[in-house]
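The values are calculated or read from the model by the stated rules, or taken from the named source; none is laboratory data. Given the structure is predicted, the values throughout are model-derived calculations rather than measurements. A quick note on method: Cβ atoms are made from the backbone with ideal geometry, for glycine too, and the neighbour counts reach across all protein chains shown. Please note that ligands, DNA and RNA were not included when accessible areas were found on the heavy atoms of the full protein model with its side chains. Shrake-Rupley method; radii C 1.70, N 1.55, O 1.52, S 1.80 Å.
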Amino acid sequence: MARKKIKILISAGPTREYIDPIRFISNPSSGKMGYLIAEYAKKNGFDVILVSGPTHLEPPEGVKLIKVETAKQMEKEILKNFPKVDILIMAAAVSDWRPYRKFKRKLKRKNQWALKLIPNPDILKNVSNIKKENQKIIGFALETDNILKNAIKKLKEKKIDLIIGNTPDFFGEGKKSDVFFIFKDGKVLKFKIKKEQLPPKIFELIL
Ligand code: C5P
């Protein structure tokens, strides 16, 4: 009998949080991490749904791509697709805040003014509330300092199965840097690897 295909939902890239129709706040995430994971998963026979913020990357062949811009749109797609999958990997750099309102028309130049921001939903936290026992949720924690302490805090707050902690050294390609795998049972593994080596490591450790 054929084995049931494992279904994976992956998020990638930045989100854009609009101030007016043409201006937004965002971050420099390239989306590379999530796309590399999606490509590896597809090549290894998994069904892959990729929810992606704006990037310049070509989606890997055979992957179902859902394009989004804002954190709210990303949350909607993740919550909608999560019940159908076995594993969620949140590699997106979701903006933690958005402007409290989006102005309908392009704002005119003016002197100093304050932009009020409100928090975006924590997608991982919300999705972990609807998680079934046989599903796995994996998140990333990019930290500039106290990487372990901060990553463990996020793992607990977001109630997920595994958090992968890294530093801004991980930006770009071809450079080795410290990566921590922190599991919900308290197990911690540390590797010095390149971004490209991470997807096989993830699947080796979670399956
Ligand atoms: O931004 P933060 O360091 O909390 O991100 C850690 C993890 O949480 C990442 O996996 C990211 O995709 C996810 N995240 C989320 N919703 C947010 C912010 C981050 O799911 N609003």
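Averaging sequence separations of C-alpha pairs under 8 Å and six or more residues apart, then dividing by the length of the stretch 17-141, give the relative contact order as a whole percent.
Relative contact order here is 30 percent.
Quantify how much of the Cα-Cα distance distribution of the stretch 70-124 extends past 14 Å, in percent.
More than 14 Å apart: 64 percent of the Cα pairs in the stretch 70-124.
Taking +1 at the Cβ of each Lys and Arg and -1 at the Cβ of each Asp and Glu, which of Phe82, Leu189, Gly174 sits farthest along the dipole of the chain towards its positive end, judged by Cα position relative to the Cα centre?
Selected residue: Phe82.
Report, in deg cm²/dmol and to the nearest 500, the calculated mean residue ellipticity at 222 nm for the chain, where each DSSP H run with n ≥ 4 adds -39500 (n - 2.57) and the sum is divided by the residue count.
Result for the chain: -7000 deg cm²/dmol, rounded to the nearest 500.
Within the set of other residues whose C-beta is less than 13 Å from the C-beta of Asn150, count the net charge using Lys and Arg as +1 and Asp and Glu as -1.
Spelling it out: positives minus negatives among the neighbours equals +2.
Accessible area per residue for the chain in Å², computed with a 1.4 Å probe and the full protein assembly in place, what is it?
Per-residue value: 58 Å².
Longer than 26 Å from Cα to Cα, which of Lys4/Lys195; Lys64/Lys190; Lys4/Lys176; Lys42/Lys131; Lys4/Lys194; Lys102/Lys158 are they? Say none if no pair is.
Lys4/Lys195; Lys64/Lys190; Lys4/Lys176; Lys4/Lys194; Lys102/Lys158
Only Lys, Arg, Asp and Glu count, each charged at its Cβ (+1, +1, -1, -1), so figure out the dipole size of the chain about its Cα centre, rounded to 20 debye.
Taking the Cα centre of the chain as origin, the dipole is about 780 debye.
Picking from Pro59, Pro121, Pro28, which is most flexible by a Gaussian network model of the chain using Cα springs under 10 Å?
Pro28
What aspartates and glutamates sit close enough to Lys84 to cross-link, taking a C-alpha to C-alpha distance under 12 Å and skipping anything fewer than 8 places away on the same chain?
Hits, sequence-local ones excluded: Asp47.
Pick from Asn44, Asn166, Asn146 the residue whose mean-square fluctuation is largest in a GNM of the chain, springs joining Cα atoms under 10 Å.
Ranking Asn44, Asn166, Asn146 by mean-square fluctuation puts Asn146 first.
Nearest 5 percent is fine: what portion of the DSSP beta bridges confined to the stretch 1-62 is antiparallel?
Percentage antiparallel, nearest 5: 25.
Calculated FRET efficiency, Glu157 and Leu65, Cβ-Cβ r, R0 35 Å, to nearest 0.05?
E between Glu157 and Leu65, to the nearest 0.05, is 0.75.
Determine the gain in length on full extension of the stretch Glu196-Lys176; use 0.36 nm per residue of separation and subtract their C-alpha separation, reporting nm with one decimal.
Difference between extended and current length: 6.2 nm.
Rounded, prolate or oblate: pick one for the stretch 103-189, where a ≥ b ≥ c are the square roots of the eigenvalues of its C-alpha gyration tensor, a/c under 1.5 means rounded, and failing that, prolate if a/b is larger than b/c, else oblate.
On the way: a/c = 2.76, a/b = 1.56, b/c = 1.77.
Here the stretch 103-189 falls in the oblate category.
Give me the percent of DSSP beta bridges within the chain that run antiparallel, rounded to the nearest 5.
The antiparallel proportion sits near 40 percent.
About the Cα centre of the stretch 32-113, what is the dipole size in debye to 20, counting +1 per Lys and Arg Cβ and -1 per Asp and Glu Cβ, all else neutral?
So the magnitude is around 1040 debye.
Share of the stretch 72-207's accessible area from carbon and sulfur, percent, 1.4 Å? Don't skip to the end; give the middle numbers.
Working: 4200 of 8380 Å².
In the stretch 72-207, the share of accessible area belonging to carbon and sulfur is 50 percent.
With the radius of gyration and the Kirkwood radius both derived from the Cα set of the chain, what is their ratio Rg to Rh?
Values: Rg = 17.6 Å, Rh = 17.9 Å.
Here the Rg-to-Rh quotient is 0.98.
In whole angstrom, note down how far apart the Cα centers of the stretch 6-21 and the stretch 167-207 are.
The two parts, judged by their Cα centres, are 22 Å apart.
Using 0.36 nm per residue, how much length does the chain from Asp20 to Ile206 gain when fully extended, once their Cα-Cα distance is taken away?
62.8 nm
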